[in-house]
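Undergrad: Dumping the structure here so I can ask a few things about it.
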Amino acid sequence: MARLLVVEDDDTIGRALRSSLAVYGHDVVWCTAGREALEAGRDGRFDLVLLDLGLPDVDGLDVCRDLRLTQPDTVLVMLTARDAEMDVIIGLEAGADDYLTKPVGLAELHARIHAHLRRVETTQRPDPEDDAAGSTTVLGDLVLDLAGRRVLAAGTELPLRAKEFELFARLAAQPATAVSRETLMSEVWDEHWFRSTKTLDVHIAALRRHLADLPAGTALPRITTLRGHGYRLDPPEAE
């Protein structure tokens with residue numbers, strides 16, 4: 001059973017979400033305002049947050065940024081009527097892992113939530129064969145620690161969000177190999193993804209910023225864009 005935070009000011013929608021999610025066995029906390037949600041985020045941990053942006057007191061983007069700080073490993077899913085491409089980009093850059101626009105069917109919403117929770121459970125579950133399989137990947141001065149879910153560069157840990165780590169780990173699993181957008185969306189987000197893949201571009205941009213912030217002279221891999229296909233992680237020696 002997962003613990004979910006639903007932030008929705010519309011009473012009808014909020015009640016429907018709470019009751020339908022509870023049917024699936026989730027422990028649901030429902031907040032109708034931004035400040036209430038921020039207090040809930042500071043008081044306890046949640047596995048997933050379902051966040052509306054049009055809140056009566058605090059802008060949902062600010063709530064997202066604050067929750068990302070207090071709940072760094074929590075999956076943040078925006079559920080909003082704002083459907084312009086720029087709104088999606090801004091929402092993802094504010095810290096969201098996923099962005100859904102209203103109206104959305106409950107079946108799709110449940111499937112998306114289940115996919116996120118299943119992926120988190122899979123990536124966090126200890127693997128007794130980690131040592132034999134090799135849970136550490138070294139790319140120049142950068143070390144990817146799968147067991148510890150962290151990326152280190154010259155001893156400094158990069159402040160990656162959950163999806164950023166999973167995306168980087170997927171690319172690092174096949175360095176110098178082209179990986180299609182479809183494969184990345186399927187394996188990092190949702191195998192049944194059919195909406196815009198703008199979330200992938202935003203997370204790639206975030207990874208590049210993390211790498212660019214490291215000291216000059218550090219031997220780092222480079223994320224190369226393959227137009228019309230996807231991305232490739234080039235080891236330092238390939239630059």
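Each value in this text was obtained by applying a stated rule to the coordinates, not by laboratory testing. Just so it is clear, the model here is predicted, and its values are computed rather than measured. Virtual Cβ from ideal backbone geometry, glycine too; neighbours counted across all protein chains shown.
Undergrad: Convex hull over the alpha-carbon atoms of the stretch 36-92: what's its volume per residue in Å³?
TA: 70
Undergrad: Rg and Dmax of the stretch 1-135 over Cα atoms: what are they, in angstrom?
TA: According to the Cα coordinates of the stretch 1-135, Rg and Dmax are 15.3, 53 Å.
Undergrad: Under a point-charge model restricted to the Cβ atoms of Lys and Arg (+1) and Asp and Glu (-1), what is the dipole moment magnitude of the stretch 1-152 relative to its Cα centre, in debye to the nearest 20?
TA: Its charge dipole is roughly 300 debye.
Undergrad: Could you list log10 I(q)/I(0) for the chain at q = 0.13, 0.14, 0.15 Å⁻¹, which the Debye formula gives when each Cα is one point scatterer?
TA: Per q value, in the given order, log10 I(q)/I(0) is -0.82, -0.94, -1.06.
Undergrad: Nearest 5 is fine: what % of DSSP beta bridges in the chain come out antiparallel, could you say?
TA: So the antiparallel bridges amount to about 50 percent of the total.
Undergrad: Let me ask another. Short version: ³J(HN,Hα) in whole Hz for each residue of the stretch 145-159, in order, from phi by Karplus 6.51 cos²θ - 1.76 cosθ + 1.60 (θ = phi - 60°), x for Gly and Pro, what are they?
TA: 9, 5, 4, x, 6, 8, 10, 10, 10, 6, x, 9, 7, 6, x
Undergrad: Report, by chain and number, residues whose modeled amide H sits under 5 Å from the one on Ala154, excluding near sequence neighbours (fewer than 5 apart, same chain).
TA: For Ala154, the qualifying residues are Val143.
Undergrad: Right, something else. Work out, in µm²/s and without decimals, the Stokes-Einstein translational diffusion coefficient of the stretch 130-238 at 20 °C, 1.002 mPa s, Rh from Kirkwood over C-alpha pairs.
TA: 150
Undergrad: For the chain, what is the calculated [θ] at 222 nm in deg cm²/dmol (nearest 500), taking -39500 (n - 2.57) for each run of four or more DSSP H residues and dividing by its residue count?
TA: Only helices count here, giving -12000 deg cm²/dmol.
Undergrad: For Leu139, what residues show an amide H to amide H distance below 5 Å, using hydrogens built from the backbone and excluding near sequence neighbours?
TA: HN-HN under 5 Å from Leu139: Leu144.
Undergrad: Quick one: check the C-alpha center-to-center distance for the stretch 143-220 versus the stretch 10-61, whole angstrom.
TA: 28
Undergrad: Shifting gears a bit: Mind listing the long-range amide H neighbours of Leu100? Cut-off is under 5 Å, sequence gap 5 or more, other chains count too, H placed in the peptide plane at 1.01 Å from N.
TA: Met78, Leu79, Thr80
Undergrad: At 7 Å along Cα-to-Cβ for each site, give me the label-to-label distance between Arg42 and Ala107 in nm.
TA: 4.2
Undergrad: In addition: Quick one: order Glu121, Glu36 by neighbouring beta-carbon count within 10 Å, fewest to most.
TA: Glu121, Glu36
Undergrad: If you don't mind, there's one more thing I want to ask. Could you give me the percent of Cα pairs per 10 Å distance bin for the stretch 74-126, shortest bin first, beginning at zero and ending with the bin that holds the maximum distance?
TA: 24, 46, 26, 4
Undergrad: I need the phi-derived Karplus couplings for the stretch 38-47: 6.51 cos²θ - 1.76 cosθ + 1.60, θ = phi - 60°, integer Hz, Gly and Pro marked x.
TA: Values per residue, Gly and Pro as x: 5, 5, 5, x, 7, 8, x, 9, 10, 7 Hz.
Undergrad: Over the stretch 3-124, calculate the relative contact order: mean separation of alpha carbon pairs under 8 Å at least 6 apart, over the residue count, as a percent.
TA: 22
Undergrad: Given contacts defined as C-alpha pairs under 8 Å and at least six residues apart, what's the relative contact order of the chain, whole-number percent?
TA: 14
Undergrad: One-quarter of the Cα convex hull surface for the stretch 1-69, in nm²?
TA: 4.0
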